[in-house]
Structure formats: C-alpha cells, structure tokens
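For reference, the structure discussed in these notes is given below.
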Amino acid sequence: MALNFVTEKVNLQVDGRVATLEMNRPEALNAMDVDMIKGLVSKLKEISESDDVDILILTGKGKAFSAGGDIKTMLSDMDENGFLPLMDCISELVITLYSMPKLTISAITGAAAGLGFSLALATDHIIAEKSSKLAMNFIGIGLIPDGGAHFFMEKRLGETKAKHVIWEGKMMSAEEAHSIGLIQEVAEGDLQDAVHTRVADWLQRPVQAMIKTKKILAEKNRPQLLKILELEKYGQQKMRETEDHKEGIKAFIEKRKPNFIGK
C-alpha cells in the first residue's frame, strides 16, 4: 500500500514526542470504510518511521471511537473479488498497529464496537470514558469477529472467557470491560485529562526500554496473529454465505430481533 495514501477520513497531529491519530467520519460514528482503513495504515507507517515520535494516541472524532466496519459495505452485495482484498487491508492495519515500535493508547469515547473494538485491542493501553460502550458484537448479524479479535481477546481473557464474550456479543460498560481485563483504565473524569496523565507518566520513563519489550513480544506473537487474521478472513467469507447472516442483516435493517436457524 502507498505510504502517502491521502484521505480526509483520518487526521494526524504531532506534538513533540506524541502523535494523535484521529478517525474522522463523525457523521458515521467513525465506521471504517476502505478509504479510512487505507488512510490509517498510511499514517501508522509514517509514524512508525519517525524517530521523533514515541507515543501514539488513537481516537475518534465526535461522539464515538468507532462503531466498527461500515455497515454499507456489509449490506452491499460485494463479491469475493472485493471482500478478500478488504480483509487484507484490515489485516495490514492490525499488524501495523500491533507491531509498530511506539507505545500506543486507544482513547475511547462513546461506542467502540466490532472492528472498532478490535482496533482498540491492538493497542498497548486502552482508556475509556465512563459512559462509553464496548462490544464485540459480530454475532448479532451472524458473523465472527475479525481484525485479529480472536487473538487479542484470547490474549487478554484466556480461551474459555474469550469464547463466551464473543458468543454473547453484548454491549459492555467501560467498568465491565475493565473488570474482566479487556481494557486497562476507566477515566474517572475527563477522558483527555486521563490520557494526558498516562502520556506524561510514560514520557518520564525510559521509553525505548518499554518499546523494546513490546517489540520482543510482538515479534514472538506475530506468526500467531498472522495465522488468526488468515483464519478470520476465510471464516468471515464463509459466514457471509450463511442464512443466519442474511437474516441478521435483514433484522438489523428492519430493527427487529433476528430469527436465527443455525444455517
């Protein structure tokens, strides 16, 4: 992917040793379409190559962190010639974010759902405002988590707990997500104050030693994450063909409870 992919759907600001990368589709609750995903990859690679930046803050503009993948993409009759490259873009985004040689923070306001939550889980530290809502809610439309979510959920929760959280697919409060170990911090007051406090603390530490630990663990885990992303890609392709997925999408449009049949 071109390093200089340009889109207004992503904003990057650098202040000293800290970069803030903002998803910029507030009118769509920062749902991720192809342009946003490519824009995020491009900016993350730019930050990765900067010797001046030590910390990245990932956030969303407006009322939400990210509501997930763009529902219009899910509703479209995208053939597999378009779907598989989209999944490859998502994989590149996740690998780039997870393994980048910077300390990364997700600052969550409002909703972090589906792919949006997967993206947050790829960062080193998640801070959520108290009123935020977090959900790995693919199951509601008959899909499986993607964006490496199986990898990140299993790492944070263990296999059995991860399966049950994925199967339930319920919306969690920040406190609930924190209590089970999915996120690191709930902002007691203003989210930006909490982020500033965390960043200020890290900037006083030997950051290169912290980053080296991150890189060692990321390099060790990289083959497993790549395998999970591949399994999610082809697993999701199969799920898109199921009757339950079609019913889940139809029920979503009609704003009713889906009638799943296990097919």
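The values are calculated or read from the model by the stated rules, or taken from the named source; none is laboratory data. Since the structure is predicted, the reported quantities are computational estimates derived from the model, not experimental observations. Here the Cβ is made from the backbone with ideal geometry for all residues, glycine too, and neighbour counts use every protein chain on show. When the accessible area is computed, the model is the full protein with side chains, heavy atoms only, and any ligands, DNA or RNA have been set aside. Shrake-Rupley method; radii C 1.70, N 1.55, O 1.52, S 1.80 Å.
Given the structure, is Ile144 outside any loop (DSSP other than H, G, I, E, B) and in contact (Cβ under 8 Å) with a residue 24 or more places away in the chain?
No, not satisfied.
I'm checking my understanding of the structure. Among residues of the stretch 198-214 that are surrounded by fewer than 13 Cβ atoms within 10 Å (Cβ to Cβ) and not hydrophobic (A, V, I, L, M, F, W, C), which one is nearest to Glu129 (Cα to Cα)? The selected residue is Asp201.
Residues in the stretch 75-91 that are at pLDDT below 85 and within 17 Å of the chain's Cα centre (by Cα): there are none. If you go through the stretch 237-263 and keep only what is open to solvent by 90 Å² or more (accessible area, probe 1.4 Å), outside any loop (DSSP other than H, G, I, E, B) and of a type in the set (A, V, I, L, M), you end up with just Ile253.
When the stretch 171-214 is limited to residues that are within 21 Å of the chain's Cα centre (by Cα) and charged (D, E, K, R), the one that is nearest to Ile55 (Cα to Cα) turns out to be Arg198.
Confirm whether Gly181 is modelled with pLDDT of 95 or more, of a type outside the set (S, T, N, Q), closer than 18 Å to Phe117 by Cβ and surrounded by 14 or more Cβ atoms within 10 Å (Cβ to Cβ). First the steps, then the outcome.
Details: modelled with pLDDT of 95 or more: yes; of a type outside the set (S, T, N, Q): yes; closer than 18 Å to Phe117 by Cβ: yes; surrounded by 14 or more Cβ atoms within 10 Å (Cβ to Cβ): no.
It is false that Gly181 is modelled with pLDDT of 95 or more, of a type outside the set (S, T, N, Q), closer than 18 Å to Phe117 by Cβ and surrounded by 14 or more Cβ atoms within 10 Å (Cβ to Cβ).
Check Ile228 against each of (1) surrounded by fewer than 13 Cβ atoms within 10 Å (Cβ to Cβ); (2) in a helix (DSSP H, G or I) and name the one condition it does not meet. Ile228 satisfies every listed condition except (1). For the stretch 104-127, filtering for residues that are open to solvent by less than 10 Å² (accessible area, probe 1.4 Å), in contact with a Phe, Trp or Tyr (Cβ under 8 Å, 6 or more places away or on another chain) and of a type in the set (A, V, I, L, M) leaves 6. Only one of (1) surrounded by fewer than 16 Cβ atoms within 10 Å (Cβ to Cβ); (2) assigned to a loop (DSSP other than H, G, I, E, B) is not met by Tyr234, so which one is it? Status for Tyr234: all satisfied but (2).
When you check Ile211 against the structure, is it touching a Pro at 6+ places or on another chain (Cβ under 6 Å) and in contact (Cβ under 8 Å) with a residue 12 or more places away in the chain, yes or no? Before the answer, list the steps.
On the way: touching a Pro at 6+ places or on another chain (Cβ under 6 Å): yes; in contact (Cβ under 8 Å) with a residue 12 or more places away in the chain: yes.
In short, yes.
Identification of strands (runs of 3 or more DSSP E) wholly contained in the stretch 25-137 with 3 or more residues that are more than 22 Å from Asp15 (Cβ to Cβ) yields 111-113, 133-135. Contact map, the stretch 217-241: first residue under 14 Å from Asp146 (Cβ atoms), second residue among the acidic types (Asp, Glu) and open to solvent by 40 Å² or more (accessible area, probe 1.4 Å), Cβ cut-off under 8 Å, separation 6 or more or different chains; pairs are Lys233/Asp88; Gln237/Glu80.
At least 3 residues being of a type in the set (Val, Ile, Thr) and farther than 30 Å from Gly142 by Cα is the threshold, and among the helices (runs of 4 or more DSSP H) wholly inside the stretch 153-215 those reaching it are 191-203.
Of all the residues that make up the stretch 1-57, how many are open to solvent by 60 Å² or more (accessible area, probe 1.4 Å) and within 16 Å of Ile90 (Cα to Cα)?
If we filter the stretch 1-57 for residues that are open to solvent by 60 Å² or more (accessible area, probe 1.4 Å), which is where we start, we get 1, 3-4, 6, 8, 13-15, 17, 27, 29, 35, 38, 46, 49, 51-52.
Filter again for within 16 Å of Ile90 (Cα to Cα), leaving 1, 3, 35, 38.
Of the residues in that region, 4 qualify.
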